[in-house]
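Report on one structure; see the data block that follows.
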Amino acid sequence: MTVLHRRNALGLLGAGMALLAGCSETADDGGNSAADDGGGPEADAGDGDLPSYASILPTTEESTFFYGAIDVETMATLLNDAGAKAGEEPTDPLVSNPVVVALLCSFGLELLGRSAGFEAYVSNNETPDGDEQFVYAEGVYAFVGAYDHDGLAADLERAGYALETETDAYAVYAATGSDEIVGVSDEVYAYSYPNGGDEFDPVAAVERTVATAAGERDPKHESSEAFERLLRTGDTRGISCCLYTDADAFDSATLSDDQAGDSDSLEFAFDAFEGAYGAHQGLRVAGDAAATARATVVYSRDDRVDMDLFESVLGTEAETVEHERADTTVTIDAEYGGEFARE
């Protein structure tokens, strides 16, 4: 497993949050805090709410799908948690995988802050306090909330972005002088860059994201009942990551692959999900350096479930942990106390 530098992640997160200051305030007591929203560990697997960003997760031609998400409020909680900044690097995948998501999203924030479109994003962000989500899905970074589509389009054009594709509901632009691609609609501000792979087309990736958000393409959960059930097992706030395949089980390359592929040799620890076809993880961090985690793992056959593997790998740093199996679904709930931020 790659060593995960939480302090580096939070340093980038701090820079990103500084950029966002003034355009996305976090909620006060009584708002949608990361500690009191619904859909937590008490929810039955598959019976929870769809996350607000489900409508932007596009159907793709690939059999495997990955996304990570973090709400802006959780970003602020992590940033303000001095204990978490000073703590040891986590080795428990229930924590370390979401931490990689935070690092990945932090890198995306850094890219946004360096782009010519940053001011357009800030000026036209109409998202209510505490409601904005930041998502990385299949090579695209996306803020999900409420935005002035027409204002974004006008400001991007003034900033020198060239129009690539336009409908009444969304538009896709290419930055002049860089390789950034930006897509905008009433519900999403999305951007991407070439990743060095010949098969990845950032224009097509951004367009399918904003077209999905605009309702002109079917989202992934509407084309796959199994994927929808997996989305409903997770929390609707905090940090989430989800790995899914349309096949009967993940192949070995998927489990060992660096799904992020952006910088600093980011790697997720998915080995415990061998034999499964879907895994959804969530982590909620409180201001006192405590955290709760949940993972739901689904299989196509009983004989592929390895409870011994789960119990030896997932929840190893938790204060309390429960591993439960219902037919071909395994759920792991864990609570982390002060040791989450121990020196």
Review point. Of the residues Glu119, Glu110, Glu126, Glu132, which single one is among the charged types (D, E, K, R) and open to solvent by less than 10 Å² (accessible area, probe 1.4 Å)?
Key: Glu132
**Study point:** Per-region count, region 230-239, residues closer than 17 Å to Thr64 by Cβ and either of a type in the set (D, E, K, R) or touching a Leu at 6+ places or on another chain (Cβ under 9 Å) (or both)
**Key:** 1
Review point. If you go through region 283-294 one residue at a time, do you hit one that is under 15 Å from Val95 (Cα atoms), open to solvent by less than 10 Å² (accessible area, probe 1.4 Å) and at pLDDT 85 or above?
Key: yes
Check your understanding: Which residues, counting only those in region 74-127, are at pLDDT 90 or above and outside any helix (DSSP H, G or I)?
Key -> Ser115, Ala116, Gly117, Asn124, Asn125, Glu126, Thr127
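The values are calculated or read from the model by the stated rules, or taken from the named source; none is laboratory data. The structure displayed is predicted, hence computed values, not measured ones. Quick reminder, even Gly has a Cβ in these numbers, built from the backbone with ideal geometry, and neighbours come from all protein chains shown. Heads up: the accessible areas ignore ligands, DNA and RNA and are worked out on the full protein's heavy atoms, side chains in. Shrake-Rupley method; radii C 1.70, N 1.55, O 1.52, S 1.80 Å.
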